[in-house]
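Only one structure is covered here, and it is reproduced in the block below.
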Amino acid sequence: MWKSAERKSSEMWMLSVGRKSGISLEDIDYVTQTIKIIKIYFCTMTDCRYWSKDLLTNFIEVYKANHCLWKIKSKEYTNKNLKTIAYDKLIDICKTVNPEANKDYVVKKIQSFRGSFRKEIKKVLESKRSGAGEDDV
């Protein structure tokens with residue numbers, strides 16, 4: 001009920017703004033749809049609260065098992081067929097969270113996870129240099 005009330009109030013606000021500025025209803029509908037798409041994107045791409053620990057672990061294990069995606073010196077790394085099969089496996093895992101997941105979604109997730117991992121490793125290494133305890137990291 002709260003979401004529908006919020007939606008109605010935002011639609012009423014957009015209509016009042018549209019009337020004052022001369023924006024047509026079609027433009028308002030377009031903006032509304034664009035906002036919905038942006039919300040879906042940010043909720044699924046940047047928010048990992050929807051990922052359970054098991055799902056995340058499974059995703060990482062599948063990624064780690066497919067050397068063709070990350071091991072540059074491997075002969076498999078240049079094999080596009082193997083990469084496609086590996087990405088399809090990861091897409092299937094991601095579709096449990098986001099039914100519209102595709103290769104771009106998976107690639108961005110991998111980049112996000114790798115960036116987070118690098119950031120955490122950097123924290124640990126800096127704490128070792130500074131002599132900070134585990135609680136301070």
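The values are calculated or read from the model by the stated rules, or taken from the named source; none is laboratory data. The structure displayed is predicted, hence computed values, not measured ones. Note: ideal-geometry Cβ built from the backbone for every residue, glycine included; neighbour counts use all protein chains shown.
Cβ-Cβ contacts under 9 Å between residues 6 or more apart (or on different chains), taken from a first residue in region 107-119 that is within 11 Å of Y63 (Cβ to Cβ) and without any contact (Cβ under 8 Å) to a residue 60 or more places away in the chain to a second residue that is among the β-branched types (V, I, T) and part of a helix (DSSP H, G or I), are listed as F113/I60. Considering region 12-111, the qualifying helices (runs of 4 or more DSSP H), each wholly inside and each with 1 or more residues that are aliphatic (A, V, I, L, M) and modelled with pLDDT of 90 or more, run over 53-65, 80-94.
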